[in-house]
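Coordinate-derived values only; no laboratory data. None of these values were measured; they are calculated from a predicted model. Methodologically, a virtual Cβ is constructed for each residue, glycine included, from the backbone with ideal geometry; neighbour enumeration extends over all protein chains shown.
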């Protein structure tokens, strides 16, 4: 069997730089996002703690087992032997030289602990599914948000996708295995299997008392409402569960890194802003698989189409956040009663803002940018740039600091 060539990731440079200065780095993210494959590129030795034979020594005496490996040593799926984290803490306390340990995990196991021994000793790097930029072999260079904040406007290469092309890209997934190596038919079965394992084995590892059937119904309701500021009641009533159970399920899926919430952005310059979070599944293909949608079904429903395009764009941006020099935080904005609504806000260093709208439109006009213009006029110099992402081929100005860009600008 031929060994697959490594496809570089945006976080590679960040991991490399952090290991030059820090003793321990933890790469977190959903299962099968490529964390282990990437971390192995930066390690001198690897321990797979989800393999009983390799984990045995670490269960018996993690300090001795840890000292026997060349550094940087990668501790893969560290949450399978949680005591290894305390051993890393003790090793770092004794010798804090850089580049000693890498840890990877697909569960937020630290949330279950009364105390977190990694504080001040282990730095996290979140890693999500592959962006289209990474799939095309363009991981090098500054992230999109940094380039936009610096005043750059990306060049649009010939032959960008059309609306169906974008949906097919979204449904190809950001998980490396289905995105890079599988046919559409095999990809569908891979995603179905991923969801099955997620809602049974992975979920049981965190919450053995959960009901798989009810959790699946909740996951499906979440998928149908991805990229929405949906009321809590819509989700738990749709899943046939109560509010308390819904809160527990959302926390569970958050610990598994498959759902994400963009909190509402607020400012004392603007009044009557909604405080509800905007909920996402982290991968549009996962959402489609959960409810049995293909490209034709997505294109046939305007509401679903908008949600999936938004989820796809959010995934491209989210995956680059950790590597951004501008230190962005992602939000959404919605004025009460929906008078003004902006899909994604990136707050840079706590002051400047980038704002994004996502439209299933090949040629959006100035009316499509009215919410961005409204925000620009109220924030003044804090507003750096607003973008209307669309499904057409052209980039053009829609006003002062407001532009229309094809979605493919995120990777060209």
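Per DSSP H run of at least 4 residues, take -39500 (n - 2.57); add these up for the chain, divide by its residues and hand me the 222 nm value, nearest 500 deg cm²/dmol. Write out the running numbers ahead of the final one.
Numbers: 17 runs with 153 residues, N = 412.
Calculated mean residue ellipticity at 222 nm is -10500 deg cm²/dmol.
At a temperature of 25 °C and a viscosity of 0.890 mPa s, determine how fast region 11-126 diffuses translationally according to Stokes-Einstein, using the Kirkwood radius over alpha-carbon pairs as Rh; express D in µm²/s, rounded to the nearest whole number.
On the way: Rh = 13.9 Å.
It comes out at roughly 177 µm²/s.
As a length-normalised measure over Cα pairs under 8 Å and 6 or more apart, the relative contact order of region 132-410 settles at 20 percent. Packing-based ranking of 163-174, 44-55 yields 163-174, 44-55, ordered from highest to lowest mean Cβ neighbour count within 10 Å.
Inter-part distance, region 336-412 to region 47-74, computed on C-alpha centroids, equals 49 Å. Over all orientations, region 169-239 has a Cα convex hull whose mean projected area works out to 5.7 square nanometres.
Taking other C-beta atoms within 10 angstrom as a stand-in for reagent exposure, 352, 35, 278, 255 fall in the order 352, 255, 278, 35, fewest first.
The largest-to-smallest principal axis extents of the Cα set in region 132-410 are 53, 43, 36 Å.
Which of 136, 127 comes first, and how do the rest follow, when ranked by fewest Cβ neighbours within 10 Å?
Numbers: 136 12, 127 25.
Starting with the residue having the fewest Cβ neighbours, the order is 136, 127.
Return the Rg/Rh ratio of region 247-356 with Cα-based radii and a Kirkwood Rh.
0.99
Our summary gives region 11-126 a relative contact order of 41 percent, counting only alpha carbon pairs under 8 angstrom and 6 or more residues apart. Note on region 300-412: the C-alpha convex hull projects to 7.4 nm² when averaged across all orientations.
Of the residues 351, 274, 267, 323, the one with the fewest other Cβ atoms within 10 Å heads the list, and the complete ranking is 351, 267, 274, 323.
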